Amino acid sequence: MRTLTADRRMIKIAMEAPYLEREEEHALAKAWRNDHDQDARNKIAMSHMRLVISMAAKFRNFGLPMGDLVQEGHIGLLEAAARFEPSREVRFSTYATWWIRASMQDYVLRNWSIVRGGTSSAQKALFFNLRRLRARLAQGDRQLTSQAMHEEIAVALGVSIADVQTMDARLSGSDTSLQAPVGGPDSDGGERLDFLASDAPLPDEQVSEMIDGERARIWLHDAMGALTEREMRIIRARRLSEEGATLEELGLDLGISKERVRQIETRALEKLRAALATKAPALTSVVH
């Protein structure tokens, strides 16, 4: 009740603020721009609060408090007042509308859902226009299926059909907690989180991979013993490091040509394949 009263008082003050004539608005804007007159800026902003109220009403369908929308719009209005250039010879309301709308849209995107969406300009256009376009298509003479409707919306907004379908699903439902009980608050069926499938390997697979990986490292270490010091250095630099040195880099480092490095590497790989073939045939692919 207290919030509702505060909202009504804010709306009443905004609607009672006097309109500014073009000459007065221009003079106040110059006073702010040239002399940093805070009172001039505040007077311009207050005289356009009814614009904020009007625009906030257009965002009420997203289920957010009207007072919060007005506050965000007021922030955009002050930003517009701070940036307004009187030399452009346009009315302040025309310039401020963009800032007010942008501020409210950003607030809606940040608070409508715990999952952030609409990060690109195309996604924002889809978020704020999907319902309107869907309602317009539903009122037409044609009986469109959901797929056909999504296709027309995708073409109209320049996004993919998959994006339209995903956004439509999000707008049609609300966020659901992963800790919400399945089957009702008194059910013993567990939480939604318990029924999510995991892509992680099973415990026995993890143990098997760990054992196989350790065994492979031992076999490769033993096979490396068959190499000369220079062959081992080249294999480690070329095949066993994340960066992977080039033939030219190793040639400069060892004082030989890159073709000679390639020949040594080829010979070393043949030795490794021969050493690993008897113990671990599957590992020979590592040294190909």
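The values are calculated or read from the model by the stated rules, or taken from the named source; none is laboratory data. Fair warning: this is a prediction, and the values are worked out from it, not measured in the lab. When we count neighbours, we look across all protein chains shown, and the Cβ atoms used for this are built from the backbone with ideal geometry, even at glycine. Accessible surface areas use protein heavy atoms only, side chains included; no ligands, DNA or RNA. Shrake-Rupley method; radii C 1.70, N 1.55, O 1.52, S 1.80 Å.
Using a 1.4 angstrom probe with every protein chain in place, what is the largest-first accessible-area order of I44, I218?
I218, I44
How high is the relative contact order of region 206-262, given as a whole-number percent (alpha carbon pairs under 8 Å, six or more residues apart)?
Value for region 206-262: 18 percent.
Using a 1.4 angstrom probe on the protein heavy atoms only, could you order E85, E205 from most to least accessible area?
Listed by decreasing accessible area, they come as E205, E85.
Would you tally the net charge around D168, using a Cβ to Cβ cut-off of less than 10 Å, leaving D168 out, and scoring K and R as +1, D and E as -1?
Neighbour charge sum, excluding D168 itself: +2.
Within 15 Å, Cβ to Cβ, of R239, how many net charges do the neighbouring residues add up to if Lys/Arg are +1 and Asp/Glu are -1?
Value of the local net charge: +3.
Can you give me the distance in nm between label points at S121 and N61, each placed 7 Å from the Cα along the Cα-to-Cβ direction?
2.4 nm
With a 1.4 Å probe and all protein chains kept in place, how much accessible area does R233 have, in Å² rounded to the nearest 10?
110 Å²
Could you tell me the accessible area of S93 in Å² (1.4 Å probe, neighbours in place), rounded to the nearest ten?
My reading of the accessible area for S93 is about 40 Å².
Find the relative contact order for region 59-158 and round it to a whole percent, using C-alpha pairs within less than 8 Å whose residues are 6+ positions apart.
23 percent
Give the accessible area for T145 in Å² (nearest 10); use a 1.4 Å probe, count only protein heavy atoms, and leave out ligands, DNA and RNA.
Answer for T145: close to 90 Å² accessible.
Could you tell me what fraction of 2.2 N^0.38 Å the Cα radius of gyration of region 1-115 comes to, as a two-decimal ratio?
Here the answer is 1.11, to two decimals.
Full-extension gain between E243 and E151, please, as 0.36 nm times their residue separation minus the C-alpha to C-alpha distance.
28.5 nm
Starting from 0.36 nm per residue, how many nanometres of slack lie between E21 and E79 once their C-alpha separation is accounted for?
That pair, E21 and E79, stretches by 18.8 nm at full extension.
How high is the FRET efficiency between E214 and N111 when r is their beta carbon distance and R₀ equals 30 Å, given to the nearest 0.05?
0.05
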